[in-house]
Amino acid sequence: MLLSHHIDAGTLRVTLKQDLDVTNRAAAALLLQALVDAHRPAAVVLELPAGPLTAATMSAVARARRMCDSLSVPLTLVHGPAEPVTGSREPLAYGAVSEA
């Protein structure tokens, strides 16, 4: 399942369970559109998976933004913290320089 959702006080909260690729981007966008059409929320919160996002995920987000804008429904994006990109288990501080 690509998405999970729940309604809270008129806000549709949708969680994207995994980063998207070209094979599931359209399906995720259509599911989100169906949820908005069915629930007619006052606002939408879209929770994205942590870490770097693929172009396919960003494409689906752009499509969701256009849809919500056309319906005058505010869209809020929530993105988890990125995981360290090095092999180290310790997070790197912003702007830190690693000595080799």
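The values are calculated or read from the model by the stated rules, or taken from the named source; none is laboratory data. Here the structure is a predicted model, which is why all the values come from computation and not from measurement. Positions of Cβ are backbone-derived with ideal geometry, glycine not excepted, and every protein chain shown enters the neighbour counts. Remember, those area values only see protein heavy atoms, side chains included, never the ligands or the DNA or RNA. Shrake-Rupley method; radii C 1.70, N 1.55, O 1.52, S 1.80 Å.
Within segment 26-46, the set of residues being out of contact with any Gly (no Cβ under 8 Å at 6 or more places or on another chain) and not aliphatic (A, V, I, L, M) comprises 33, 37, 39, 40.
Could you list all residues from segment 26-53 that are within 13 Å of residue 67 (Cα to Cα), in a strand (DSSP E or B) and of a type in the set (D, E, K, R)? Of everything in segment 26-53, nothing turns out to be within 13 Å of residue 67 (Cα to Cα), in a strand (DSSP E or B) and of a type in the set (D, E, K, R). Taken over segment 1-12, the criterion of being open to solvent by 40 Å² or more (accessible area, probe 1.4 Å) and either touching a His at 6+ places or on another chain (Cβ under 9 Å) or assigned to a loop (DSSP other than H, G, I, E, B) (or both) is satisfied by 1, 5, 7, 9. Being out of contact with any helix residue (DSSP H, G or I) (no Cβ under 6 Å at 6 or more places or on another chain), at pLDDT 90 or above and surrounded by fewer than 12 Cβ atoms within 10 Å (Cβ to Cβ) is the requirement here; does residue 72 meet it? Spelling it out, residue 72 is indeed out of contact with any helix residue (DSSP H, G or I) (no Cβ under 6 Å at 6 or more places or on another chain), at pLDDT 90 or above and surrounded by fewer than 12 Cβ atoms within 10 Å (Cβ to Cβ).
Among the candidates 23, 15, 57, the residue that is in a helix (DSSP H, G or I) and among the polar types (S, T, N, Q) is uniquely 57. Looking only at segment 28-59, count every residue that is more than 11 Å from residue 14 (Cβ to Cβ) and either open to solvent by less than 20 Å² (accessible area, probe 1.4 Å) or among the aromatic types (Phe, Trp, Tyr) (or both) and tell me the total. Number satisfying all stated conditions: 4.
Taking the conditions (1) touching a Pro at 6+ places or on another chain (Cβ under 7 Å); (2) crowded, with 16+ Cβ neighbours inside 10 Å; (3) modelled with pLDDT under 90 in turn, residue 16 satisfies each one other than (3).
When the residues of segment 75-95 are filtered to those that are at pLDDT 55 or above and either of a type in the set (S, T, N, Q) or open to solvent by less than 50 Å² (accessible area, probe 1.4 Å) (or both), which remaining residue is farthest from residue 34 (Cα to Cα)?
First, pick out the residues of segment 75-95 that are at pLDDT 55 or above: 75-80.
Now drop any that are not either of a type in the set (S, T, N, Q) or open to solvent by less than 50 Å² (accessible area, probe 1.4 Å) (or both), which leaves 75-76, 80.
Working: 75: 15, 76: 18, 80: 25 Å.
This residue is 80.
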